[in-house]
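*Asks:* Have a look at this one.
The values are calculated or read from the model by the stated rules, or taken from the named source; none is laboratory data. Because the structure is predicted, anything quoted here is derived from the model rather than measured. Positions of Cβ are generated from backbone atoms using ideal geometry, with glycine treated the same way; all protein chains shown enter the neighbour counts.
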Amino acid sequence: MSDITRDDVAHLARLARLAVTDDELDTFSRQIDAIVDTVSAVGDIPDDVPPTAQVVPQTNVLRPDATEPSLPREAALAGAPSAEEGRFRVPRILGEEL
Amino acid sequence: MTAVVESAPYTVEEVCEHFDPVMGLEVHVELNTATKMFCGCANAFGAEPNTNVCPVCLGLPGSLPRLNGAAVESAIRIGLALNCRVRERSGFARKNYFYPDMPKNFQISQYEDPIVFDGYLDVPLDDGTTWRVEIERAHMEEDTGKSLHVGGATGRIHGADYSLLDYNRSGVPLIEIVTRPIIGAGVRAPEVARAYVTALRDVLRGLGVSDVRMDQGSMRCDANVSLMPKGTSTFGTRTETKNVNSLRSVERAVRYEMGRHAGVLLSGGAIRQETRHFDEQSGTTSPGRPKETFADYRFFPEPDLPPLEPSADWVESLRAGLPERPWERRARVQTEWGLSDEELRDLVNADALDLVADTVDAGAPPEAARSWWVSYLAQQANTAGVALTELAITPAQVARVVAMVAEGTLTNKLARQVVDGVLAGEGEPDEVVAGRGLAVVSDESALTAAVDEALAAQPAVAEKIKAGKTKAAGAIVGAVMKATRGQADAARVQELVLERCR
C-alpha cells in the first residue's frame, strides 16, 4: 500500500482549489491510494529504459516569428463571467491565502 | 508561532563580522520577439487591454501551443553569451498553480532539462577587478498576465475588493537566468549583485534580444539571500526578494536583507523561508504571498510540445554571430579612439557610445563624432528634456555635417545651424543647407567680385592696404562677410583682399 493520507488529499484539494468534505477525504484517500498502488508498477521497469513523455517521433517543431490575428476583444471577453474596462474581472485574490 | 523579530538592520560590515552572505540571483528577461512564445499574438508593450490574446494564451480548452523559433534562437544566443553549454535534447514542463494571472492554471516552463546550462559571466566591478558569477541554467518560459487591483486604499493587492486581468502579457517569451550560489563576496555582496545584473543587462542589450527595461518590467530580478555563520559551510534559510525594479534597488535589497537576517539571527530568532516584496520608497522588504513549496508545483513533461534538439551547425552559426561583450568593446573603442578614462566614462554615462560608434561607422573621424554628441547635441537634448538617443537626428546625418565641415562647405558655426535645422525637422543636412542657404560661399569669382565691390566702396581703406597697412584689410573682410551673410570663409577673404591690393 502506498499510504495516501487524509492530510495528503486535503493538501492536494487545496492546491487544486477544490472544496472537499470530511467524508470525501476518506473516500478519496482510499481511492487515490489504490490508484497510486496500481501505478507504482512502473517502479518495476528496469533502470535502462529511458523515461518517455512523448511518443510522437518529432523534434524541433518551430513556428516562424510572424504575427497572426488575435481575437477581437469582445470575443475574448465573451466567455468571462464578469468583465470591466476591457479586462477580466475576478474575485479578490489574496483572501483565501492569508 | 512566535513572531519574527524585526530588528533594525545591521550594516553589511557588522553583518560580515558574524556571517558570510550567500546570494542567488534569478533574472527574468522578456524577449523582444514579434510574437508570443506559443502563439502568433503580437508581443507588444502598452497595447489596449486584452487585444493581443487568442485561445492559446487565454488557455481556452482544446488550444495547442506552437513554439516560436525566434525565441529558441534568442535563448541559445543568451546561453552562448553566458558561456553556457547547449543541451542536446531539452523539453518543456508544466508548472501547476492556480492564480488568475495564469488562465491555463499552469505555466509552460522548463524543468529538468533547460536549454542552456553551466555557464559563467565575468562581471566588471567598480575597482576594475572582475568577479566570476557562475550560471546554473537559463530556461524558456512564458510570462503571465497583468492584474489591476481595484478597491482598498492603496491599489495594492491587500485590501482590494476584486482584480481586473489583462492577458496581453500572458505568453510573452521569457528567459529565466539563474546563478549558482554566489559565495565569498562578503561586504561586497550588494555591489556584486548590482554589478552582475548590470553586466547581464549590457550583454543582453548587446545581443539585441530584449529591451532590458527594468522600469517597464522587461527585465526583473529576484534576489535570494541567506547568511551562514562565519566558519561554517551550511547555507542558512533564504528569502527571495521580488519587485526589485532598478539596478540600484538590487544593491539596496541585498543590503537590507543581509542586515535584516543578521538582526533576526543574532537575537536568537529564525529566518522564515518566504518571498518578500521590495519597497523602492523605504528601501525595505516585507513578506509577500506565501508560495507553494517546490513539490506543490507538480511539474510534469508538457505533452503538447515535442522536444528540442538544436543541431550543432545551428548552435555554431549562432556562436559565430555573437557580438563583442560590451566592456570588451568599450576597451577596444577607448584604444581606437584614443580616449582618456574620463572621456570614455562621459560617453558611456551620456549613453552616447553607440551613437558615436555609428557616426564613426558612417565615415566621421572619432574626435569630431564624439565632440558633436557630448557637447552640442547633448546640450540640445538637455534643453529639450529628452534622451540623447531620442534626438531627431541620426548618426548618419551627424556624419554628413562633419563631412561638410571637413570639405569646407560649412564652418563650425554654420554646421550648428544645419544641425538645428535637422532637429527642427527641415530634412537631411543637404536639404537644410539648400533650404536655409547656409553653404560657405566658396565660389572664387563671386568672392572676388564681392571683395572688389567692398574695395571700391571704401577707396581710402584700399589705399592704406596698398601702402602696406595690411591690418586695414579687416574692415574690407568685415564688409565682405556682411555682404555674404557670414557664409564666406573669412581667412580666404583676407587672402583675396591682399591679393587684389597688390
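*Asks:* Which of the following residues is touching a strand residue (DSSP E or B) at 6+ places or on another chain (Cβ under 8 Å) and crowded, with 22+ Cβ neighbours inside 10 Å: B:P21, B:P100? Quick ask: steps written out before the conclusion?
*Replies:* Working: B:P100 fails: crowded, with 22+ Cβ neighbours inside 10 Å.
Exactly one residue qualifies, and that residue is B:P21.
*Asks:* Same structure, new question: State the number of residues belonging to segment B:25-59 that are crowded, with 20+ Cβ neighbours inside 10 Å and away from chain A (no Cβ under 14 Å).
*Replies:* Of the residues in segment B:25-59, 4 are crowded, with 20+ Cβ neighbours inside 10 Å and away from chain A (no Cβ under 14 Å).
*Asks:* Related question: Read through the list (1) out of contact with any Asp or Glu (no Cβ under 6 Å at 6 or more places or on another chain); (2) under 30 Å from B:G478 (Cβ atoms); (3) in a helix (DSSP H, G or I), then give the number of the only condition that B:G408 fails.
*Replies:* Among (1) out of contact with any Asp or Glu (no Cβ under 6 Å at 6 or more places or on another chain); (2) under 30 Å from B:G478 (Cβ atoms); (3) in a helix (DSSP H, G or I), B:G408 violates only (3).
*Asks:* Here's another thing I want to ask about it. For segment B:112-130, how many residues are under 29 Å from the mean Cα position of the chain (by Cα) and outside any strand (DSSP E or B)?
*Replies:* Initially, segment B:112-130 is screened for residues under 29 Å from the mean Cα position of the chain (by Cα), giving B:114-130.
Now restrict to residues that are outside any strand (DSSP E or B): B:114-115, B:125-129.
Counting residues in segment B:112-130 that are under 29 Å from the mean Cα position of the chain (by Cα) and outside any strand (DSSP E or B) gives 7.
*Asks:* Can you pull out the residues in segment B:74-106 that are assigned to a strand (DSSP E or B) and over 30 Å from B:L148 (Cα atoms)? Steps first, answer last, please.
*Replies:* Our first condition is that a residue be assigned to a strand (DSSP E or B); within segment B:74-106, this holds for B:85-86, B:90, B:93-96, B:106.
Matches in segment B:74-106: B:R85, B:V86, B:S90.
*Asks:* Just to be sure I understand, how many residues within segment B:161-188 are surrounded by fewer than 22 Cβ atoms within 10 Å (Cβ to Cβ), within 9 Å of chain A (Cβ to nearest Cβ) and part of a loop (DSSP other than H, G, I, E, B)?
*Replies:* The number of residues fulfilling the criteria is 1.
*Asks:* Here are the criteria: (1) more than 22 Å from the chain's Cα centre (by Cα); (2) surrounded by fewer than 10 Cβ atoms within 10 Å (Cβ to Cβ). Tell me which single one A:V55 does not satisfy.
*Replies:* Answer for A:V55: the failing condition is (1).
*Asks:* Another question, if that's okay. Looking at this structure, is B:A71 more than 9 Å from chain A (Cβ to nearest Cβ), aliphatic (A, V, I, L, M) and buried (at least 17 other Cβ atoms within 10 Å of the Cβ)?
*Replies:* Values: more than 9 Å from chain A (Cβ to nearest Cβ): no; aliphatic (A, V, I, L, M): yes; buried (at least 17 other Cβ atoms within 10 Å of the Cβ): yes.
Criteria not met by B:A71.
*Asks:* Does segment B:206-216 contain at least one residue that is assigned by TED's automatic domain parsing to the domain that holds B:F19, at pLDDT below 95 and acidic (D, E)?
*Replies:* Scanning segment B:206-216 turns up at least one residue that is assigned by TED's automatic domain parsing to the domain that holds B:F19, at pLDDT below 95 and acidic (D, E).
*Asks:* Suppose we filter B:E309, B:E302, B:E316 for residues that are under 18 Å from B:R87 (Cβ atoms), in contact with a Phe, Trp or Tyr (Cβ under 9 Å, 6 or more places away or on another chain) and either surrounded by 12 or more Cβ atoms within 10 Å (Cβ to Cβ) or of a type outside the set (G, A, S) (or both); which single one remains?
*Replies:* Values: B:E309 fails: in contact with a Phe, Trp or Tyr (Cβ under 9 Å, 6 or more places away or on another chain); B:E316 fails: in contact with a Phe, Trp or Tyr (Cβ under 9 Å, 6 or more places away or on another chain).
Just one listed residue meets the conditions, B:E302.
*Asks:* Would you confirm, using the coordinates I've provided, whether B:S282 is within 14 Å of another protein chain (Cβ to nearest Cβ) and loosely packed, with under 14 Cβ neighbours inside 10 Å? If you could, list the steps in order and put the result at the bottom.
*Replies:* Values: within 14 Å of another protein chain (Cβ to nearest Cβ): no; loosely packed, with under 14 Cβ neighbours inside 10 Å: yes.
Taking the combined requirement at face value, the residue does not satisfy it.
*Asks:* Here are B:D346, B:D296: which of them is more than 21 Å from the chain's Cα centre (by Cα), assigned to a helix (DSSP H, G or I) and either away from chain A (no Cβ under 14 Å) or more than 30 Å from A:P57 (Cα to Cα) (or both)?
*Replies:* Numbers: B:D346 fails: more than 21 Å from the chain's Cα centre (by Cα).
Criteria check complete, one pass: B:D296.
*Asks:* If I filter segment B:303-311 for residues that are more than 25 Å from the chain's Cα centre (by Cα), part of a helix (DSSP H, G or I) and within 30 Å of B:G69 (Cβ to Cβ), do I get at least one hit?
*Replies:* There is no residue in segment B:303-311 that is more than 25 Å from the chain's Cα centre (by Cα), part of a helix (DSSP H, G or I) and within 30 Å of B:G69 (Cβ to Cβ).
*Asks:* A follow-up question, please. What tally of residues in segment B:76-135 results from selecting those that are hydroxyl-bearing (S, T, Y) and within 12 Å of chain A (Cβ to nearest Cβ)? Give the derivation first.
*Replies:* First, pick out the residues of segment B:76-135 that are hydroxyl-bearing (S, T, Y): B:90, B:97, B:99, B:109, B:111, B:120, B:129-130.
Pick out the ones that are also within 12 Å of chain A (Cβ to nearest Cβ) and you get B:90, B:97, B:99, B:111.
Qualifying residue count, segment B:76-135: 4.
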